[in-house]
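Following: one structure in structure tokens, then a few remarks.
The values are calculated or read from the model by the stated rules, or taken from the named source; none is laboratory data. None of these values were measured; they are calculated from a predicted model. Please note: Cβ atoms are built from the backbone with ideal geometry, for glycine as well, and neighbour counts cover all protein chains shown. For accessibility, only protein heavy atoms count, side chains too; no ligands or nucleic acids. Shrake-Rupley method; radii C 1.70, N 1.55, O 1.52, S 1.80 Å.
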Amino acid sequence: QVQLVESGGGLVQPGGSLRLSCVASGSISSINSMAWYRQAPGKQRELVASILYPGGTNYADSVKGRFAISGDNAKNTVYMQMNSLKPEDTADYYCNVRVLRLGYGSVPYSYWGKGTQVTVSS
């Protein structure tokens, strides 16, 4: 089994910063990718940023230049630094990890965190 533990969400004023983290643990052989999604009220869940191991990142257009995703493969951890936050960034943020599981060969599997709320408001 694989478990994800997220942290870093909270309430912040516009222009402020937050740093999200997600730690994966369990029967992990290797990590293929880690990503952050978000879902705002009344909207579909969208991909915010992702990182492919050993490298390569991509971002939603709405967060380019403001958010930065990074990973620590040795710690099975993904971070997302969020700067210049805007009210429209308010959402529940979900960590997603795609892994190769021990005992399951090369078949990847995706896991989701429970989400952490980010609220950007004055």
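Give me the percent of accessible area attributable to carbon and sulfur for the chain, probe 1.4 angstrom.
C and S fraction of accessible area: 47 percent.
HN-Hα J couplings of the range 101-116 from phi, Karplus 6.51/-1.76/1.60, θ = phi - 60°, integer Hz, Gly and Pro as x?
The phi angles translate into 8, 4, x, 10, x, 9, 8, x, 9, 10, 10, 10, x, 7, x, 9 Hz.
What are the semi-axes of the equivalent ellipsoid of the range 60-107, taken as the square roots of 5 times the eigenvalues of the Cα gyration tensor, listed largest first and rounded to whole Å?
29, 12, 9
Any idea of V5's accessible area? Nearest 10 Å², probe 1.4 Å.
Here the accessible area works out near 90 Å².
What whole-number value in Å² describes the accessible area per residue of the chain for a 1.4 Å probe?
Using a 1.4 Å probe on heavy atoms only, each residue of the chain averages 53 Å².
Dipole size in debye (nearest 20) for the range 41-122 around its Cα centre, Lys and Arg Cβ +1, Asp and Glu Cβ -1?
For the range 41-122, the charge dipole is close to 160 debye.
Answer rounded, prolate or oblate for the chain, using the Cα gyration tensor with square roots of eigenvalues a ≥ b ≥ c: rounded when a/c is under 1.5, else prolate when a/b is larger than b/c, else oblate.
Prolate, because a/c is 1.5 or more and a/b exceeds b/c.
Using Cα-Cα distances under 8 Å and only pairs 6 or more residues apart, what relative contact order does the range 1-117 have, in percent?
34 percent
Gaussian network model of the chain, Cα springs within a sub-10 Å range: biggest mean-square fluctuation belongs to which of S106, S30, S21?
Taking springs between Cα atoms under 10 Å, the residue moving most is S106.
Suppose the chain between Q1 and T57 were pulled fully straight at 0.36 nm per residue; how much longer would it get relative to their current alpha carbon spacing?
Roughly 17.6 nm would be gained on extension.
Could you work out how far apart the two model spin labels at S17 and S106 are, taking each label as a point 7 Å from the Cα in the direction of the beta carbon, and quote it in nm?
Here the answer is 4.1 nm between the modelled labels.
Local charge sum around L85 (other residues, Cβ-Cβ under 13 Å, Lys/Arg +1, Asp/Glu -1)?
+2
Mind checking which lysines have their Cα closer than 29 Å to the Cα of K75? Skip sequence neighbours fewer than 8 apart in that chain.
Here the lysines satisfying the reach criterion relative to K75 are K64, K114.
Remind me, what semi-axes does the range 1-69 give for its equivalent ellipsoid, largest first in whole Å, using sqrt of 5 times each Cα gyration tensor eigenvalue?
Semi-axes from the Cα gyration tensor: 23, 15, 13 Å.
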